[in-house]
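Here's the structure we're looking at; comments come further down.
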């Protein structure tokens, strides 16, 4: 059974609210859930839009209670975190993987992020068969939505939306100096959306310098280390922050020093990190503007409006897959019985075939086949007839009716 705990940009009232709690959750949840005796498996999904914990357990009530206590201790506001179970958890996961629960509907980074979360859980040793199958199914549903709908055709991601926001704020980026802080998934998408815009100076700064070199090469720019960031910002019109660090990396003092050499030149900073990687008071510096994930809301709303039909189609696919999953779950008991019956019947067939083959030189073929078929039927039905008579003697008419229905021998009325 599945129990999950969620904090998303929606439940937190925007990414600012998510920013306030995600660091707390990241530090405390992994250790806490690893010590929960009733949790058999767990996967943590962490993206710029959410922090989610999926658990597999034998007792939903106990785990639900433990997670509620944990969330109340870490995040006292009950409106921010919420808990789902079984079908509701599964449906939510399907919507997440399909990009339906993202700020930028249809965004194409989520499947990769979920795969990384599963790989991390596997590497740490807390991914088992139940959640492994569930996330595999979610990936299949996500691929189906992407192949059968146009949900992500031309879809913007957080990275491309950040570039669109920049253009709406400072106009054509041609000739503009740009610094990208970070070189991970979102930074890579930002770089992809900057290609072909005839940029001026392009500088990429990242904690891992080799990755900064790779990304800067894609843009025809240069790489710099974090300790040279002040120089990079001093020649930039736009700074895009996407480091994924769990703390602030762009501080007011550094930006003030950068602006001192170009006091009349405006600077736009867009921080798309959760938690925020830029000091929130940067906009107090003269000629500096600061935007974050919440600033993408207008672009996100327009994206939803453009994809209304595709969202409906994706929801229908999810509903179909949930029904299919429910049928499969209900058939599990029957499938195990069918497997065991198959093994027993195969054994009967092999034994009777061996007996028939041993007589093939001394018995007429027709007689041989008749004897073999009769023997197979007798051995298949021996236990059925014996158990049926026993049930009848004990007054267990329900079992008698069940056998009649299974063999389809009840006369139609």
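Derivation of every value follows stated rules applied to the coordinates shown; laboratory data play no part. Everything numeric here is computed off the predicted structure, so don't read it as measured data. Cβ atoms come from the backbone with ideal geometry, glycine included; neighbour counts cover every protein chain shown.
Compute the Cα gyration tensor for segment 327-405, then decide on rounded, prolate or oblate, letting a ≥ b ≥ c be the square roots of its eigenvalues: rounded whenever a/c is under 1.5, prolate when a/b is larger than b/c in the other cases, and oblate in all that remain.
Oblate, since a/c reaches 1.5 and b/c is not below a/b.
From Cα pairs below 8 angstrom and at least 6 apart in sequence, can you work out the relative contact order of segment 2-148, rounded to a whole percent?
It rounds to 30 percent for segment 2-148.
I need to check one value: relative contact order of segment 330-407, counting alpha carbon pairs closer than 8 Å and at least 6 residues apart, in percent.
It rounds to 22 percent for segment 330-407.
Give me 339, 351, 252 sorted ascending by neighbouring Cβ count inside 10 Å, so fewest comes first.
339, 351, 252
Express the relative contact order of the chain as a whole percentage, based on alpha carbon pairs under 8 Å and six or more residues apart in sequence.
13
Calculate how steeply helix 397-407 sits against the longest principal axis of the alpha-carbon atoms of the chain, using the helix alpha-carbon long axis, and give the answer as 0 to 90 degrees to the nearest 10.
Taking the Cα atoms of the chain, the angle to 397-407 is about 80 degrees.
Determine, for 285, 203, the number of other Cβ atoms within 10 Å of each Cβ, and report the residues in order from fewest to most.
Ordered by Cβ neighbours within 10 Å, fewest first: 285, 203.
Can you tell me the orientation of helix 110-124 relative to the chain, as the angle in degrees between its alpha-carbon axis and the longest Cα principal axis, to the nearest 10?
Once rounded, the angle reads 70 degrees.
Tilt of helix 365-393 relative to the longest C-alpha principal axis of the chain, in degrees (0 to 90, nearest 10)?
80
How would you classify segment 158-304 from its alpha-carbon gyration tensor, with a ≥ b ≥ c the square roots of the eigenvalues: rounded for a/c under 1.5, else prolate if a/b is greater than b/c, otherwise oblate?
rounded
If I compute Rg/Rh (Cα atoms, Kirkwood Rh) from the structure I just sent, which labelled value in (i) 1.02; (ii) 0.98; (iii) 1.20 lines up?
Structure-derived value, by its label: (iii).
Please rank 108, 281, fewest neighbouring Cβ atoms within 10 Å first, as an exposure proxy.
281, 108
Nearest-5 percent of antiparallel DSSP beta bridges in the chain?
The answer is about 50 percent antiparallel.
Could you tell me the extents of segment 153-217's C-alpha atoms along the three principal axes, largest first, rounded to whole Å?
Reported extents, whole Å, longest axis first: 31, 29, 17.
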